[in-house]
Amino acid sequence: MIGQLTREAILAALDTAFVGRSLEVYDAIDSTNARAVAWARTGAPDGSLVITDEQTAGRGRLGRRWHAPSGSALLFSLVLRPALMPMQAQRATMLCSSAAVEAISAVTGLTAQVKWPNDLVIERKKVGGVLTELGLAGCELDYVVVGMGLNVNLDPAQIPEALAPPTSLRAELGAPVERLPLLSVLLQAVEARYTALGRGWSPHEEWREHLATLGQPVQVGTPEEVIVGVAEDVDADGALLVRTPKGELRTVLVGDVTLRGHRV
Ligand code: BTN
């Protein structure tokens, strides 16, 4: 394991005004999302960070598990309290995904993309994922927990293969990557976008630019059905717009995309 993520090291490396300043650091925990949700419910300040070296019950999308050997990944969750309606909460996910793409490029020179809705990929291999969980106060959005897992130094052979073959920054770069500078740049990139969101900026256009999925023939597995067509666009709230062979434009809110003719 290189570069320990201790509370002191993180606070010394942070270049933010508020994101990550309220901080919980664990050697191991069940899930940073679970802890961040519990903390959010008891008043965690906007921008609070929960980070760990290892998760014993890491949560993935659609009830899946998220695996990463201890110390090999960035595993963290942010508590955000944006002034958004619940249906706009995906905007918080979008800005964090774009921040990750920027940080990966700045720190490693690698070009990552977003595979709709929340996967981070490098040349179609999955290098990370984002899981967002919402809390409501009545009809209002109380908090958004954005959890991110980034495969930094792990050996892709060590984790189970899912829909997309896994990779890591180390595997793509051919050299180990320090987690602390990556975390620092990433949180700074989150804060810049989150502050802009508060001033009315929409993260949709930037996120759209990062999407690997658009213009591709896709098969989208949703909880109800499988939709086949061409991924034409995304809307401002993050839904995927799929043009079916009959010319119908379907709006998909939740699902897994497979590019037809590819595994991802
Ligand atoms: C996906 O299914 O692709 C999303 C995976 C999100 C995993 C991260 S790891 C840190 C945070 N805590 C969790 O329990 N899950 C997210």
- request: With the checklist (1) in contact (Cβ under 8 Å) with a residue 24 or more places away in the chain; (2) within 15 Å of the ligand (Cβ to nearest atom); (3) open to solvent by 10 Å² or more (accessible area, probe 1.4 Å) in hand, flag the one item residue 9 doesn't pass.
  value: (2)
Where a residue in region 172-193 is open to solvent by 60 Å² or more (accessible area, probe 1.4 Å) and its partner, wherever it lies, is not in a helix (DSSP H, G or I), with Cβ under 6 Å and at least six apart: 176/2; 176/153; 178/3; 188/15; 188/16
message: Looking at the structure I just gave you, is residue 80 near the ligand (Cβ under 10 Å from one of its atoms) and in contact (Cβ under 8 Å) with a residue 24 or more places away in the chain?
response: no
message: Of all residues being in contact with a Lys or Arg (Cβ under 8 Å, 6 or more places away or on another chain) and at pLDDT 95 or above in region 50-65, which is most open to solvent (accessible area, probe 1.4 Å)? Just the residue, please.
response: 59
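I'm trying to understand the selection: among the residues of region 68-78, which are out of contact with any Leu (no Cβ under 7 Å at 6 or more places or on another chain) and crowded, with 24+ Cβ neighbours inside 10 Å?
75, 77
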Filtered residue count, region 51-66, keeping only those that are more than 9 Å from the ligand (Cβ to nearest atom) and over 14 Å from residue 152 (Cβ atoms): 2
task: With a cut-off of at least 3 residues that are buried (at least 22 other Cβ atoms within 10 Å of the Cβ), name the strands (runs of 3 or more DSSP E) lying wholly within region 93-168.
output: 119-122, 125-137, 140-151
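The values are calculated or read from the model by the stated rules, or taken from the named source; none is laboratory data. Just so it is clear, the structure is predicted and the values come from calculations on it, not from any experiment. Heads up, the Cβs are rebuilt from the backbone with ideal geometry, glycines too, and the neighbour counts pull from every protein chain shown. Ligands, DNA and RNA are stripped out before the accessible areas are found, and what is left, the full protein with its side chains, is counted by its heavy atoms. Shrake-Rupley method; radii C 1.70, N 1.55, O 1.52, S 1.80 Å.
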